[in-house]
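No value in this document is a laboratory result; all are computed from the given coordinates. Predicted model only: the values in this text are computed from it and were never measured. Positions of Cβ are generated from backbone atoms using ideal geometry, with glycine treated the same way; all protein chains shown enter the neighbour counts.
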Amino acid sequence: MLKEYKADQIRNVAIIGHGGTGKSTLLEAMLFVGGKIDKMGSADSGTLVSDFDEDEKTKKISIKSSMGFVEFEDVKINIIDTPGTADFVGDTRAALQACETAILVVDSVDGVQIETEKAWRYLTENNIPRIIFVNKMEKERANYDKVIENIKSALGGSVASLCVPNGEGETFKGVMDAIEMKLYTPKGDGKDVAVTEVPAEHKELMELEKIALAELAAESTDELIEKFLGGEELTADEIRTGLKTQLKNAKLTPVICGSSQKVVGIKNLIRTIKNFAPAPETGKVYKGRDQVHPEKEIDVKLGDSGTMAAVVWKTAIDQYAGRFNFVKVISGQINPETEVFNATKNHKERATKLCAMIGNKQNDMPKICAGDIGVLVKLDKTVTLDTLTDPKAPVILPIIKLPQPVFSFAIEAAKRGEEDKIGQFLNKAAEENPTIKYGFTASTGETVLSGMGEMQLNLILNNLKEKLKLDVVTRVPRVAYRESITKKAEAQYKHKKQSGGHGQYGEVHIRVKPLERGKGFEFVDSIVGGVVPKQYIPGVEKGLREGLDEGVLAKFPVVDVWVELHYGSYHDVDSSEMAFKIAARSAFKIAMEAAGPQLLEPIMNVRIFADKEFMGDIMSDITSRRGRVLGMDSDEGSSGIQVVRATVPEAEMLRYSTDLRAMTSGKATFEMDFSHYDPISGREADKIIEERKKLLEEEASK
């Protein structure tokens with residue numbers, strides 16, 4: 001059973017970075033040095049603690065985030081290893097929102113790469129403290145100074161090199177601490193280190209490094225800057241305090257180096273996290289929403305004294321062990337065998353067992369205190385993004401925000417009768433990873449599986465085939481077009497039917513006009529004198545809303561229309577709500593035909609990350625896709641990684657990830673989310689309408 005740790009004794013860190021920089025091996029080395037595993041595993045042998053999934057072992061890459069922890073002196077360090085491939089960025093983003101600090105891993109030869117740049121931008125935008133670990137210092141051509149310059153020029157910001165390598169490449173033997181002025185050299189298997197004085201030939205260099213650190217540390221407070229400018233020497237404690245303050249405010253990035261594979265510099269990394277990374281801040285305010293009245297904001301303060309509130313940042317479902325919910329406790333604490341309330345689902349759950357994970361191995365916890373990360377086992381309905389609270393004080397904490405899917409398949413079962421089994425499997429995949437979306441799209445009549453990339457979706461479908469022997473047919477999804485109007489119009493319709501007994505009668509006169517894009521539908525009742533009795537007005541509105549389901553051009557849904565009911569007539573005996581509903585629906589169709597109907601297509605916000613060398617091809621390609629380039633972000637003297645911002649029709653982006661990979665030899669990535677609807681006309685519109693009519697005819701003939 002683990003000992004109990006309070007918020008100030010906890011460090012939550014997420015290991016992030018470009019694929020292939022050795023993130024999973026770094027976690028392995030930290031667990032080894034921290035005494036949590038007996039020997040080092042490797043990606044080649046499929047024995048890494050964090051990459052325990054069969055797909056990860058086969059592909060030798062991380063597909064899901066994984067956890068471990070070490071206990072160092074009086075501190076517990078929770079470590080989340082995250083994937084480095086863009087397809088699995090959802091796991092990385094969730095981990096970063098559960099942690100106070102990022103460990104950004106950079107290769108000692110390759111330096112800053114595309115995913116490094118993307119990660120840095122995200123950290124900067126969200127003001128997340130970060131420590132850079134320059135890994136693989138044992139590699140041929142490793143060059144720490146060159147990487148430091150690359151980091152400064154490519155990423156910007158204030159960088160503090162806390163150590164200097166003792167040798168590089170084959171001669172890399174240890175790290176020299178610039179604050180302590182000590183050399184740390186691994187002993188034996190690397191679990192422990194020998195501490196000696198800095199070699200004489202490096203002493204002058206290390207003195208200069210210490211002065212540079214003192215200057216950076218002094219910027220944290222007026223008192224320290226005054227002392228430094230006055231020519232006084234800052235003590236080691238003052239330097240540490242100043243750097244820690246700067247890091248906490250994300251104004252400074254400490255850099256250290258090592259080799260995860262050779263277990264060199266790992267104890268220094270653990271010590272750096274303990275001494276510099278911020279603990280969960282007691283009293284920090286998180287903005288929550290009232291469960292019953294979502295518009296009402298509730299402040300939730302981090303600390304043990306408040307009522308329990310925790311967020312689920314990851315869900316893992318094991319075929320045999322069941323559901324694992326990874327939670328970050330914000331307020332109060334979670335105890336075993338207690339009732340928790342899922343405020344998101346409005347559902348009570350029983351927290352029977354609490355544990356901390358090392359890969360897929362469970363370690364029992366006595367409780368999960370505020371600021372700590374733990375796992376609740378076998379909850380019934382709880383999934384990622386849910387909030388768990390005290391049943392007496394329900395609140396929803398929308399802390400975890402994930403990117404939107406950028407790649408989709410329309411799918412159908414290869415064999416009839418297998419739809420339910422396929423649906424259960426894919427729904428489970430979506431529960432584990434909220435960047436996966438699965439469901440029926442009414443506007444296009446398709447079942448769609450969406451995610452962050454082709455690799456991610458293919459892995460899921462391959463597992464479906466291998467584990468359940470179920471196959472699906474995939475195709476490019478249809479685009480959810482819309483219809484609207486361009487001008488004002490009026491229409492009337494009288495629904496009159498007599499067939500013995502009570503007849504049907506309802507007459508409506510309506511006016512329509514276009515609304516501002518994105519406003520949807522607005523209904524105005526302007527009846528005076530009771531020419532349409534009040535009890536029939538709801539029937540009119542229902543009929544109009546039904547009319548929105550199918551436009552007059554290609555039977556796409558109708559949006560952004562204002563409708564006024566201004567006149568009508570009724571019959572004392574034959575009128576009914578149904579009769580007015582039919583009349584309104586028919587009148588709306590007539591009005592729409594007269595109001596200049598137009599086709600609308602969805603437009604996406606797109607951000608493309610790529611090297612400078614590809615900019616010309618990328619922007620030319622965006623233009624060929626009927627897109628508009630809005631701008632290009634780059635820093636003065638950057639390494640060449642830039643971001644292109646554009647708006648592009650969704651129809652042109654359905655297979656963009658494949659095309660971009662081919663265009664840039666896999667050296668570019670992109671993000672995308674919905675922006676708005678825009679009119680489309682001419683040949684493009686005619687083609688869409690023709691294809692839609694053909695599709696509807698085919699479906700009608702089945």
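For the range 66-129, GluC sites (Glu not before Pro) meeting the loop criterion (DSSP other than H, G, I, E, B) and having at most 13 other Cβ atoms within 10 Å: 73. Rounded to the nearest whole Hz, the Karplus-based 3J(HN,Hα) values (6.51 cos²θ - 1.76 cosθ + 1.60, θ = phi - 60°) of the range 582-587 follow the sequence 5, 4, 5, 4, 5, 5, with x at glycine and proline. The angle between the Cα long axis of helix 454-468 and the longest principal axis of the Cα atoms of the chain comes to about 80 degrees, rounded to the nearest 10. Counting only lysines at least 8 places from residue 687 when in the same chain, those with an alpha carbon closer than 16 Å to its own are 555. Per residue, the convex hull spanned by the Cα atoms of the range 601-684 measures out at 88 cubic angstrom. The relative contact order of the range 285-396 comes to 32 percent, based on Cα pairs under 8 Å that sit 6 or more residues apart. Among the GluC sites (Glu not before Pro) in the range 266-370, those placed in a DSSP loop whose Cβ has at most 16 other Cβ atoms within 10 Å are 281, 295, 337. Within the set (i) 1.15; (ii) 1.02; (iii) 1.10, the number that Cα Rg over 2.2 N^0.38 Å takes when calculated for this structure is listed as (i). Provide the net charge surrounding residue 688, with neighbours chosen by a C-beta distance below 14 Å and charges set as Lys +1, Arg +1, Asp -1, Glu -1. With Lys, Arg at +1 and Asp, Glu at -1, the net is 0.
Among the GluC sites (Glu not before Pro) within the range 618-697, which fall in a DSSP loop and have no more than 14 other Cβ atoms within 10 Å of their own Cβ?
Details: sites: 636, 650, 652, 671, 684, 690, 691, 697; in loops: 636.
Counting only loop positions with at most 14 other Cβ atoms within 10 Å, the GluC sites (Glu not before Pro) in the range 618-697 are 636.
Relative to the longest principal axis of the Cα atoms of the chain, helix 203-218 runs at roughly 40 degrees. Of the residues 559, 294, 492, the one whose Cα sits farthest towards the positive end of the charge dipole of the chain is 492 (charges of +1 on Lys and Arg Cβ, -1 on Asp and Glu Cβ, taken about the Cα centre).
Calculate, for residue 691 and residue 528, the FRET efficiency according to 1/(1 + (r/R0)^6) with r their C-beta to C-beta distance and R0 35 Å; round to the nearest 0.05. Spell out each step's value before the answer.
On the way: r = 46 Å, r/R0 = 1.31.
The value I calculate is 0.15.
Amide H contacts under 5 Å for residue 14: 80, 101, 102, 103, restricted to partners 5 or more places along the chain or on a different chain, H placed in the peptide plane at 1.01 Å from N. Close amide H partners of residue 84, meaning residues 5 or more places away or on another chain with modelled amide H under 5 Å apart, are 62.
Helix-only arithmetic for the chain: the sum of -39500 (n - 2.57) across DSSP H runs with n ≥ 4, divided by the residue total, places the mean residue ellipticity at 222 nm at -8500 deg cm²/dmol. Sequentially through the range 273-290, phi angles give Karplus couplings (6.51, -1.76, 1.60; θ = phi - 60°) of 4, 4, 7, 10, 5, x, 7, x, 8, 4, x, 4, 9, 10, 8, x, 10, 4 Hz, Gly and Pro residues having no value and appearing as x. Cα gyration tensor of the range 407-476, axes a ≥ b ≥ c as square roots of the eigenvalues: rounded (a/c below 1.5), prolate (a/b > b/c) or oblate? Because its axes are fairly even, with a/c under 1.5, the range 407-476 counts as rounded.
Given a cut-off of 25 Å, name the pairs among 296/378; 118/152; 542/702; 23/465; 348/421 whose C-alpha atoms lie farther apart than that in the structure shown. Each step should come with its number before you reach the end.
Numbers: 296/378 32 Å; 118/152 15 Å; 542/702 30 Å; 23/465 30 Å; 348/421 28 Å.
From 296/378; 118/152; 542/702; 23/465; 348/421, over 25 Å: 296/378; 542/702; 23/465; 348/421.
The calculated FRET efficiency for residue 235 paired with residue 625, based on their beta-carbon distance and R0 = 56 Å, is about 0.40. Using Cα pairs closer than 8 Å and at least 6 residues apart in sequence, work out the relative contact order for the range 407-476, in percent. Over the range 407-476, the number comes to 46 percent.
Rounded to the nearest 20 debye, the dipole size of the chain about its Cα centre is 1920 debye, using +1 on the Cβ of Lys and Arg and -1 on the Cβ of Asp and Glu.
Just to confirm the number: angle between the C-alpha axis of helix 682-701 and the first principal axis of the chain, 0 to 90 degrees, nearest 10? Once rounded, the angle reads 70 degrees. Evaluating 6.51 cos²θ - 1.76 cosθ + 1.60 at θ = phi - 60° for every residue in the range 68-78, the Karplus couplings come out as x, 7, 10, 10, 10, 6, 9, 10, 9, 10, 7 Hz, glycine and proline recorded as x. Checked against a 20 Å cut-off, the cross-linked pairs 267/367; 139/173; 589/693 give Cα-Cα distances beyond that limit for 267/367.
Determine the sum of side-chain charges near residue 351: Lys and Arg each +1, Asp and Glu each -1, restricted to other residues whose C-beta is under 9 angstrom from that of residue 351.
Numbers: positive: 350, 353; negative: 337, 339, 349.
Here the charged neighbours net out to -1.
Taking a ≥ b ≥ c as the square roots of the eigenvalues of the Cα gyration tensor, the range 338-391 is classed as prolate, since a/c reaches at least 1.5 and a/b is larger than b/c. Packing, taken as the mean count of other beta carbons within 10 Å per residue, orders the peptides 309-317, 55-63 from highest to lowest as 309-317, 55-63. Specify whether the C-alpha gyration tensor of the range 52-163 places it in the rounded, prolate or oblate class, a ≥ b ≥ c being the square roots of the eigenvalues: rounded for a/c under 1.5, otherwise prolate if a/b is larger than b/c and oblate if not. It comes out rounded by the Cα gyration axes.
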